[in-house]
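Chemist: For reference, the structure I am asking about is given below.
The values are calculated or read from the model by the stated rules, or taken from the named source; none is laboratory data. From a predicted model like this one, the values you see are computed outputs, not experimental measurements. Positions of Cβ are generated from backbone atoms using ideal geometry, with glycine treated the same way; all protein chains shown enter the neighbour counts.
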């Protein structure tokens, strides 16, 4: 079996021997009994930290905490949640103290689940991934074998909560125990969703130092690589004494082949674990939705290296993925537009809904949430308004946030069965983004920031998506340095058939093992000579050249020597929103994208006074409809934008019947008069407060 076939198995969370059945499994999922997730608004509340056993052990709770916990479980509360418009409640179930220790709380959760179902509110059950060993070992003394040993002399625990130990999640004893928990939730409590928490912590470097993980790593190397491949990669083929690397220093690049293989292994094991859970849950009740919490989203963290989280492999095991990245929708005093748009786009391309906090206040509030956060989820996510608070918080939502919930219910037909129309595909290559913590992260985040603020429709794609780029006008490779021969062949084919390509910096200069080539692998397309090699471990120098433009086959190719940060990121730190200010040469980058697209984009939106209006173009093929969503990220500062000119390309053979503007900001609904010329429709949005949706009704 070659590596690409094996990695497809990894993506499905399967063992090597199961890979040939992957396509059949995909076909079986096509007719999904979980259609409720797409056919109704997902408006969530939650409470999973309020159980008294947890609050007593952590300490610091107010005297009224247990009274609130009881009130959360009352019919009065559930009835009020229904009135608010809540459609799902994620409630406490298993925190890791043990099924006997938590029995009283599980009994209450069972009653609360029944109440929610009485009011047509679906139920998600919380399943933690830590073990509160003080009580758990009284029930399961053999569980001590699951715990991860000290790492550099320090216990592997949850944050500062010393009683919550971390486990090797693929230990057979732990897997079987969690299966018991899941069966109880699905069969007894009749869960509609199982929420697995702390995914971002499960495959971190310290966890895979467990003795069984070391054994599994050696077996993984033998199963995925022939002796000849191992010798070529490591210099030897007998891995009997190989150990996972231990390190306590920041890494700029991951060149060590064992570090790279260990990263692959950590991602593989996490995918396998959730593949096992998926197989179990689908067998118990295929209508139950699977949800977990990788936490970081697409926010500038190298999740592949730091957390063993490869979204392209993990998301196929899930229906919903959480993000707790922060990045609340706003414009900062430094002029940085902050959003979760990238995270939502990753969920969209991989078919996974994203769930995050969108409330403005309360225990589970985002702090900077509210109307704009709700609108952002409504637009860029799929069928979700996010989590609007805790069970008690949601009852007292501000009137303006209730207006957004009501708007979403009333206009939900405009948000289901949609597909975003993207002109540009931005590649997030596994080897590039996993094995370099600096320049590619900077370039990727700033390139997508430029597309967001220049209002260019785009998708974020992964290695597998290179096989079909037919829907895109441009492929953007923002310093995607590590590409293999097959990937480069697919890119060449795309360009030769008429696709546009924009590449920056060191794109294609390295193999997927991060070995430096003598010249760009895509030199025939870029028609640029690579900088001289400075030696192993030394950063590459940018070429001192102006942007290059070439016609290759039927396509267009542009090369930019650099995406220039406005705020420099220090080496090895994550590329978080502090550094997302538009790059200094963003206009140059966008000009290259437009040229590569043949100077024609599906959507043009002109707001001369601001770069803080963001748009998304979508279609509903079944309803003969296109939708233009407009969000004002400066609305929190009281900014209102007037007279926005919108220009949309019409599908071939279609005419415009009507353009209607919808907004939850005051609830005004109005029809505007469009102009049609040269296959495009133009109209003006008179005023944008926070969010407006333009519904374009088409006809043949």
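Chemist: Residue 483: within 30 Å of residue 606 (Cβ to Cβ) and crowded, with 24+ Cβ neighbours inside 10 Å, yes or no? Spell out the reasoning first.
Modeler: On the way: within 30 Å of residue 606 (Cβ to Cβ): no; crowded, with 24+ Cβ neighbours inside 10 Å: yes.
No, not satisfied.
Chemist: While we're here: Taking the condition of being closer than 25 Å to residue 471 by Cα and assigned to a strand (DSSP E or B), how many residues in region 660-700 meet it? Please lay out each step first, then the result.
Modeler: First, pick out the residues of region 660-700 that are closer than 25 Å to residue 471 by Cα: 676-682, 693-700.
Next, from what is left, pick out any that are assigned to a strand (DSSP E or B): 676-677, 680-682, 693-699.
Total satisfying the criteria: 12.
Chemist: Let me ask something else. Go through region 541-614 and tell me which strands (runs of 3 or more DSSP E), entirely inside it, have 3 or more residues that are in contact (Cβ under 8 Å) with a residue 12 or more places away in the chain, surrounded by 21 or more Cβ atoms within 10 Å (Cβ to Cβ) and touching a strand residue (DSSP E or B) at 6+ places or on another chain (Cβ under 9 Å). Talk me through it step by step, then tell me what you get.
Modeler: Numbers: elements: 548-552, 555-560, 603-606.
The qualifying strands (runs of 3 or more DSSP E) are 555-560.
Chemist: Give the residues of region 572-588 that are within 20 Å of the chain's Cα centre (by Cα) and under 21 Å from residue 502 (Cα atoms), sorted by residue number.
Modeler: Matches in region 572-588: 580 only.
Per-residue answers, yes or no, for (1) in a helix (DSSP H, G or I); (2) modelled with pLDDT of 95 or more; (3) surrounded by 24 or more Cβ atoms within 10 Å (Cβ to Cβ):
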site	(1), (2), (3)
432	yes, yes, yes
440	yes, yes, yes
444	yes, yes, yes
472	no, yes, no
487	yes, yes, no
491	yes, yes, yes
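Chemist: Kindly list the number of the only condition in (1) at pLDDT 95 or above; (2) touching a strand residue (DSSP E or B) at 6+ places or on another chain (Cβ under 7 Å); (3) in the same structural domain as residue 299 (by TED's automatic domain parsing) that fails for residue 461.
Modeler: (3)
Chemist: When you look at residue 617, is it closer than 30 Å to residue 380 by Cβ, at pLDDT 95 or above, out of contact with any helix residue (DSSP H, G or I) (no Cβ under 7 Å at 6 or more places or on another chain) and in a strand (DSSP E or B), yes or no?
Modeler: Numbers: closer than 30 Å to residue 380 by Cβ: yes; at pLDDT 95 or above: yes; out of contact with any helix residue (DSSP H, G or I) (no Cβ under 7 Å at 6 or more places or on another chain): yes; in a strand (DSSP E or B): yes.
In short, yes.
Chemist: Looking at residue 204, is it under 30 Å from residue 36 (Cβ atoms), at pLDDT 95 or above and in contact with a helix residue (DSSP H, G or I) (Cβ under 8 Å, 6 or more places away or on another chain)? Before the answer, list the steps.
Modeler: Working: under 30 Å from residue 36 (Cβ atoms): no; at pLDDT 95 or above: yes; in contact with a helix residue (DSSP H, G or I) (Cβ under 8 Å, 6 or more places away or on another chain): yes.
Answer is no for this residue.
Chemist: Residue 251 fails exactly one of the following numbered conditions: (1) within 29 Å of residue 510 (Cβ to Cβ); (2) surrounded by 13 or more Cβ atoms within 10 Å (Cβ to Cβ); (3) modelled with pLDDT of 95 or more. What is the number of that condition?
Modeler: It is condition (3) that residue 251 fails.
Chemist: Which one is nearest to residue 36 (Cα to Cα), of the residues in region 152-169 that are free of Cβ contacts under 8 Å to residues at least 24 places away in the same chain and in a loop (DSSP other than H, G, I, E, B)?
Modeler: If we take residues in region 152-169 being free of Cβ contacts under 8 Å to residues at least 24 places away in the same chain and in a loop (DSSP other than H, G, I, E, B), then 159 is nearest to residue 36 (Cα to Cα).
Chemist: Residues that are modelled with pLDDT of 95 or more, assigned to a loop (DSSP other than H, G, I, E, B) and surrounded by fewer than 24 Cβ atoms within 10 Å (Cβ to Cβ): does region 363-379 have at least one?
Modeler: The answer is no, given that none of the residues of region 363-379 is modelled with pLDDT of 95 or more, assigned to a loop (DSSP other than H, G, I, E, B) and surrounded by fewer than 24 Cβ atoms within 10 Å (Cβ to Cβ).
Chemist: Tally time: how many residues in region 626-648 are surrounded by fewer than 19 Cβ atoms within 10 Å (Cβ to Cβ) and in a strand (DSSP E or B)?
Modeler: Qualifying residue count for the region: 4.
Chemist: Given (1) crowded, with 23+ Cβ neighbours inside 10 Å; (2) in contact with a strand residue (DSSP E or B) (Cβ under 9 Å, 6 or more places away or on another chain); (3) within 30 Å of residue 617 (Cβ to Cβ), identify the lone condition not met by residue 313.
Modeler: (2)
Chemist: Taking region 299-322 as the search range and keeping residues that are more than 11 Å from the chain's Cα centre (by Cα) and not in a helix (DSSP H, G or I), which one is farthest from residue 254 (Cα to Cα)? Can you show your working first?
Modeler: Looking only at region 299-322, we keep the residues that are more than 11 Å from the chain's Cα centre (by Cα), and these are 300-302, 304-308, 313, 316-319.
The next check asks that each one be not in a helix (DSSP H, G or I); those that pass are 300-302, 308, 318-319.
On the way: 300: 17, 301: 15, 302: 12, 308: 14, 318: 29, 319: 31 Å.
Here the answer is 319.
Chemist: Output the number of the condition that residue 80 fails; it satisfies all remaining conditions of (1) surrounded by fewer than 15 Cβ atoms within 10 Å (Cβ to Cβ); (2) assigned to a helix (DSSP H, G or I); (3) touching a helix residue (DSSP H, G or I) at 6+ places or on another chain (Cβ under 7 Å).
Modeler: Going through the list (1) surrounded by fewer than 15 Cβ atoms within 10 Å (Cβ to Cβ); (2) assigned to a helix (DSSP H, G or I); (3) touching a helix residue (DSSP H, G or I) at 6+ places or on another chain (Cβ under 7 Å), residue 80 breaks only (1).
Chemist: Hey, does region 170-185 have a residue that's free of Cβ contacts under 8 Å to residues at least 24 places away in the same chain and surrounded by fewer than 23 Cβ atoms within 10 Å (Cβ to Cβ)? It would help to see each step written out before you state the result.
Modeler: Kept after step one, since they are free of Cβ contacts under 8 Å to residues at least 24 places away in the same chain, are these residues of region 170-185: 172, 176.
Next cut, surrounded by fewer than 23 Cβ atoms within 10 Å (Cβ to Cβ) only: 172, 176.
Within region 170-185, one or more residues are free of Cβ contacts under 8 Å to residues at least 24 places away in the same chain and surrounded by fewer than 23 Cβ atoms within 10 Å (Cβ to Cβ).
Chemist: Determine whether residue 262 is over 23 Å from residue 90 (Cα atoms) and either buried (at least 20 other Cβ atoms within 10 Å of the Cβ) or at pLDDT 95 or above (or both).
Modeler: yes
Chemist: Kindly indicate whether any position in region 280-294 is out of contact with any helix residue (DSSP H, G or I) (no Cβ under 7 Å at 6 or more places or on another chain) and free of Cβ contacts under 8 Å to residues at least 24 places away in the same chain.
Modeler: yes
Chemist: Take the conditions more than 22 Å from residue 291 (Cα to Cα) and either within 31 Å of the chain's Cα centre (by Cα) or crowded, with 23+ Cβ neighbours inside 10 Å (or both) and apply them to residue 127. Does it pass? Step through it out loud before you land on a result.
Modeler: Working: more than 22 Å from residue 291 (Cα to Cα): no; either within 31 Å of the chain's Cα centre (by Cα) or crowded, with 23+ Cβ neighbours inside 10 Å (or both): yes.
So residue 127 fails the test.
Chemist: Something else: Is it the case that some residue within region 57-67 is crowded, with 21+ Cβ neighbours inside 10 Å and in contact with a helix residue (DSSP H, G or I) (Cβ under 8 Å, 6 or more places away or on another chain)? Talk me through it step by step, then tell me what you get.
Modeler: Keep residues of region 57-67 that are crowded, with 21+ Cβ neighbours inside 10 Å, which gives none.
No, that holds for no residue.
Chemist: Something else now. Within region 370-379, can one find any residue that is out of contact with any strand residue (DSSP E or B) (no Cβ under 9 Å at 6 or more places or on another chain) and assigned by TED's automatic domain parsing to the domain that holds residue 73?
Modeler: Scanning region 370-379, I find at least one residue that is out of contact with any strand residue (DSSP E or B) (no Cβ under 9 Å at 6 or more places or on another chain) and assigned by TED's automatic domain parsing to the domain that holds residue 73, so the answer is yes.
Chemist: Of all the residues that make up region 402-430, how many are assigned to a loop (DSSP other than H, G, I, E, B) and more than 18 Å from residue 628 (Cβ to Cβ)? I'd like the intermediate steps shown before the answer.
Modeler: Taking region 402-430 first, the residues assigned to a loop (DSSP other than H, G, I, E, B) are 411, 415-418, 421-423, 428-429.
Subset that is more than 18 Å from residue 628 (Cβ to Cβ): 428-429.
Adding up the residues that qualify gives 2.
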